[in-house]
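The values are calculated or read from the model by the stated rules, or taken from the named source; none is laboratory data. As the structure is a computational prediction, the values presented were derived from the model and not from experiment. When we count neighbours, we look across all protein chains shown, and the Cβ atoms used for this are built from the backbone with ideal geometry, even at glycine.
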Amino acid sequence: MATTAKNLKGFYKQTKRNITGGISKSKPSSRKVTPKHAATQGSDATQPAALISHGSLDLNDAYDKEEEMLRQFDMNMAYGPCLGMTRLDRWERALRLGMNPPSEIERLLKTEKVQQDCLWQGRV
Amino acid sequence: MESMEIDSDKVQQRKQSNYSYLDERFEIQKEMYRGQQYSQIYFARLHLMRTLLYSFAPTWKPHLPVCKVLGLEEGKECIIVGTLFKHMKLKPCVLDEYSKERSVTPLVKPHNFMHPDDNLILEDESGRVKLGGSALSPAIYVTGVVVALHGKETSAGEFFVEDVLEAGLPPQIERPLDLQEDKYVLLLSGLCIGSTSSNPLQFQLLVDHITGHLGDDEEIGLASQIVHVVIAGNSVEFPRKLFTGQNLASKDQSTLYEPIKELDIMLNQIAAGVSVDIMPGLNDPANFALPQQPLNRCLFPGSAPYNTFRSCTNPHSFDVDNIRFLGTSGQNIDDLEKYSEAESKLDFVERTLRWRHLAPTAPNTLGCYPFTDRDPFLIETCPHVYFVGNQDKYDNRLLKGSEGQLVRLICIPKFCETGIAVAVNLRNLECHTISFSTQIS
């Protein structure tokens, strides 16, 4: 899907958090301090550039810090692969296998309106 | 003076025993398929086995650090734990169809896919590393086994293995040593009713023996000591020529159903007298992927009403008088035979016990359900009797573990070919064969 000249402004309308681009490990101060045992790696893999799925631009880049926490949980290697399971099921599996996942994640998934599946569910 | 007529006081009573059904872990009714792939079951397997192996590492090599594959440093001696992957040149690959040199691939596939160039790779969630050295023989191991390795990374980027630690035999619950009398569990498999090689008279002889209709008082006395019968797979064989992909004509439908009807009649006779378990096998009308689910009770309208009749999963686990039995219909061992080698089938059986996993090649080369949170094939408690059905010949071995475990390993031969059933004595775990022949020589 080519963008014509007059659509170019709309194309660039969204602003990314990192103007410099690339992967950086800076933590914005609004992010909550994650508990020690969560062992998250703080990688930026959870901030994808505009996803192109099914031929259209995925501009739903507006996600909050709760989704950010859940994405860090998804990315954590210790709890196993995140695809093919809902986040809550993965959390419960981690609990059953004795990995002590942070209870914050469970609270978020059960009480608040968040995505129940990981980012790539249905896309890969 | 004993009278010659049948005396009602002399009617033999069958011995009684307690039975516990332990197949819940192999049932998949509660599982829901959400589009997951096999990475989940491999993760569960690795996590559970790794926790176990980490607990053994301090006693095995006390001074060595344990690290992940990504944490390997050149020259640093350490222990790594991961899942083995065997790269096999001859393993059939779905992409072979598309390869340009089609004329090179032979039309006849070998039965065993081993090759001298096979090599092993260790993988965990952080990465994989090629394994070198001669401590780990690719001929013995298969993909899916979780082991701990002691060694160091070489400059070539390989991990040179110096020593291997397998999980070893799991802990065993002490078996009761106070059984006063001989009680037998009869194991048979490969009835293949409906195939050209099965002899209905042979099976009828077996059924008559079990139900005490055969022989003199001594024979009947022996039969009364049988407390349980297990049929380990491949009980029927459907005529393959009917499976053309077309709808079956009604006369073909009734021919299709004949073997099951005959099996039901025989099971009815057995179930009327003794508790019987039937497990599905490769050729039975059950699902293909392990763990195979119990054969539907609607297939056995005559036998299903009996509470002595039980349709079980494959693999099957149960207790009789607190003696733990674990067994399969043979697919796990047959698959090991295709991808590794051993001097006898019992070596494969012993290896699965030492690796604490019933079917390590699942899901790689053996069909398996994609579990997400557990691996039901992990053997947590050592059985007292471990049987494998549908083998070519009868064999058994008494395995002694390092912590006093005692397991009887049994290869049950195909009944349609050999006419042999195996009886295991619960008192001392000894087993012997009962063979039936209908040749008139």
Inside region A:62-124, counting only helices (runs of 4 or more DSSP H) that do not spill past its ends, which hold 2 or more residues that are β-branched (Val, Ile, Thr)? A:103-111
Residue that is nearest to B:Arg34 (Cα to Cα), among those in region A:85-109 that are of a type outside the set (A, V, I, L, M, F, W, C) and in contact with a Gly (Cβ under 9 Å, 6 or more places away or on another chain): A:Arg90
Of the conditions (1) among the aromatic types (Phe, Trp, Tyr); (2) touching a helix residue (DSSP H, G or I) at 6+ places or on another chain (Cβ under 6 Å); (3) over 18 Å from B:Arg397 (Cβ atoms), B:Phe348 fails just one. Which one is it? (3)
Exclusive hit being within 14 Å of chain A (Cβ to nearest Cβ) and of a type in the set (A, V, I, L, M, F, W, C), set B:Leu84, B:Leu52, B:Leu64, B:Leu72: B:Leu52
Looking only at residues that are at pLDDT below 85 and over 25 Å from B:Asp124 (Cβ atoms) in region A:67-122, which one is nearest to the other protein chains (Cβ to nearest Cβ)? A:Gly122
Which strands (runs of 3 or more DSSP E) does region B:115-190 wholly contain that include 3 or more residues that are out of contact with any His (no Cβ under 8 Å at 6 or more places or on another chain), touching a residue at least 12 places away in the same chain (Cβ under 8 Å) and farther than 30 Å from B:Asp284 by Cβ? B:119-124, B:127-132, B:146-153
Looking only at region B:387-427, count how many residues are in a loop (DSSP other than H, G, I, E, B) and either buried (at least 21 other Cβ atoms within 10 Å of the Cβ) or not charged (D, E, K, R) (or both). 7
Out of region B:366-386, which residues are within 14 Å of another protein chain (Cβ to nearest Cβ) and not in a loop (DSSP other than H, G, I, E, B)? B:Leu378
Out of B:Phe371, B:Phe377, B:Phe300, I need the residue that is closer than 18 Å to B:Pro170 by Cα and among the hydrophobic types (A, V, I, L, M, F, W, C). Which one? B:Phe377
Pull up region B:35-49, narrow it to residues that are outside any helix (DSSP H, G or I), facing another protein chain (nearest Cβ under 7 Å) and in contact (Cβ under 8 Å) with a residue 12 or more places away in the chain, then point me to the one that is surrounded by the most Cβ atoms within 10 Å (Cβ to Cβ). B:Gln36
Restricting to strands (runs of 3 or more DSSP E) lying wholly in region B:225-335: which have 2 or more residues that are touching a His at 6+ places or on another chain (Cβ under 8 Å)? B:226-232, B:275-279, B:323-328
Looking for something surrounded by fewer than 18 Cβ atoms within 10 Å (Cβ to Cβ), polar (S, T, N, Q) and in contact with a Cys (Cβ under 7 Å, 6 or more places away or on another chain) - is there at least one such residue anywhere in region B:148-171? no
What are the residues in region B:297-314 that are touching a residue at least 24 places away in the same chain (Cβ under 8 Å) and out of contact with any Pro (no Cβ under 6 Å at 6 or more places or on another chain), if any? B:Leu299, B:Phe300, B:Pro301, B:Gly302, B:Ser303, B:Tyr306, B:Thr308, B:Phe309, B:Arg310
